[in-house]
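Shown next, in structure tokens, is the structure this report addresses.
The values are calculated or read from the model by the stated rules, or taken from the named source; none is laboratory data. What you are looking at is a predicted structure, and each value in this text was computed from that prediction instead of being measured. So basically every Cβ, Gly included, is an ideal-geometry build from the backbone, and we count neighbours across all protein chains shown. These area figures cover heavy atoms from the full protein model, side chains too; ligands, DNA and RNA do not enter into them. Shrake-Rupley method; radii C 1.70, N 1.55, O 1.52, S 1.80 Å.
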Amino acid sequence: MDITRYSINSDRFDGRMRIALVADLHGVDFNAVISACRDMSPDCIAVAGDLTDDLASSEPDIVAINESGFEFLHQATAVAPVFYSFGNHERNCTDEGIDAVKRTGATLLNDSYIYFGGMYIGGLMSGFIGANKRHAYFTPPPNVEWLDTFAALDRFKLLICHHPEYYPKFIRPRDIDLTLSGHAHGGQIRLGRQGIYASGQGLFPKYTAGLVDGRLIISRGLANHTPVPRLFNPAELVFVDINFDR
């Protein structure tokens, strides 16, 4: 697992904050992630979707089915406040699943926001919520009305958004200071800086990893849930330092 650090300066945030970005854990072993978070002492942990894969299960014991994901949230909240926004793999999550997430102590931000540490932190829910189909080259649009409400807030605005493909059309034109994303898994196979494929973007996707425009940070993600192996594309845990810039 790679650990990648970014530093963002802004005159709209009067302070310092370190954020851990956890994306696409998909229910795998998380001990190295928790250990790194303890070492790096983030002020909060942003979970950008696809923490687990079975929150829509109709089985009676949803906690047991998603034990690894819920245990991660329990342990992560002991390190720092956790803000979690659903990705496409949490689509059609049951009320029981939502209640179980909240019982871990994590704050669920699905088309909602909170004021924390001198900034607004919001979570833009995946357009796949409520949808039953997956699209290789198209992601259903997000809740634009909520996005406009969030963008109109004053002070620094941090958006947790699973889908980086939302950035050019829906996020970049709006007054949102920084967006944290995952979903693309680094393009699955990377040749240098180029990923080969990402759901919602198709072949040779543009938004798979790194810092874009100083306003979008994309994690390569922490796991692999497809038959296609990750090549030249290690799992990645991201830490972001946001600093006041006069």
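Given charges of +1 on the Cβ of Lys and Arg and -1 on the Cβ of Asp and Glu, with all other atoms neutral, how large is the dipole of the chain about its Cα centre, in debye to the nearest 20?
Values: 22 positive and 29 negative charges, 187 e Å.
The calculated dipole for the chain is roughly 900 debye.
Can you run phi through the Karplus equation (6.51, -1.76, 1.60; θ = phi - 60°) for region 227-244 and list ³J(HN,Hα) in whole Hz, with x for Gly and Pro?
Once θ is set to phi - 60°, the couplings for region 227-244 become x, 7, x, 7, 10, 6, 8, x, 4, 9, 10, 10, 10, 10, 9, 10, 10, 6 Hz.
What does the accessible area per residue of region 116-246 come to in Å², with a 1.4 Å probe and no ligands, DNA or RNA counted?
On the way: 5520 Å² over 131 residues.
Each residue of region 116-246 exposes 42 Å² on average to a 1.4 Å probe.
All other residues with a Cβ under 15 Å from the Cβ of Trp146 taken together, and with Lys, Arg as +1 and Asp, Glu as -1, what is their net charge? Please report the intermediate quantities before stating the final value.
Values: positive: Lys157, Arg174; negative: Asp111, Glu145, Asp148, Asp175.
Summing Lys/Arg as +1 and Asp/Glu as -1 gives -2.
When the helix-only estimate is applied to the chain (DSSP H runs of n ≥ 4, each -39,500 (n - 2.57), divided by the residue count), what is the mean residue ellipticity at 222 nm, nearest 500 deg cm²/dmol? Don't jump to the answer; show the numbers that get you there.
Working: 5 runs with 42 residues, N = 246.
Per the formula, -4500 deg cm²/dmol.
Can you say what percent of the DSSP beta bridges in the chain, counting only those with both residues inside, are antiparallel? Round to 5. Write out the running numbers ahead of the final one.
Numbers: 18 of 48 bridges.
Taking every DSSP beta bridge with both residues in the chain, the antiparallel ones total about 40 percent.
With each pseudo-label sitting 7 Å past Cα toward Cβ, what's the Leu203-Ala151 distance in nm, one decimal?
Each label point lies 7 Å from its Cα, and together they span 3.3 nm.
For the chain, give the percent of accessible area contributed by carbon and sulfur heavy atoms, probe 1.4 Å, rounded to a whole number. Mind dumping the intermediate values first?
Numbers: 5210 of 10550 Å².
On the chain, the fraction of accessible area on carbon and sulfur atoms equals 49 percent.
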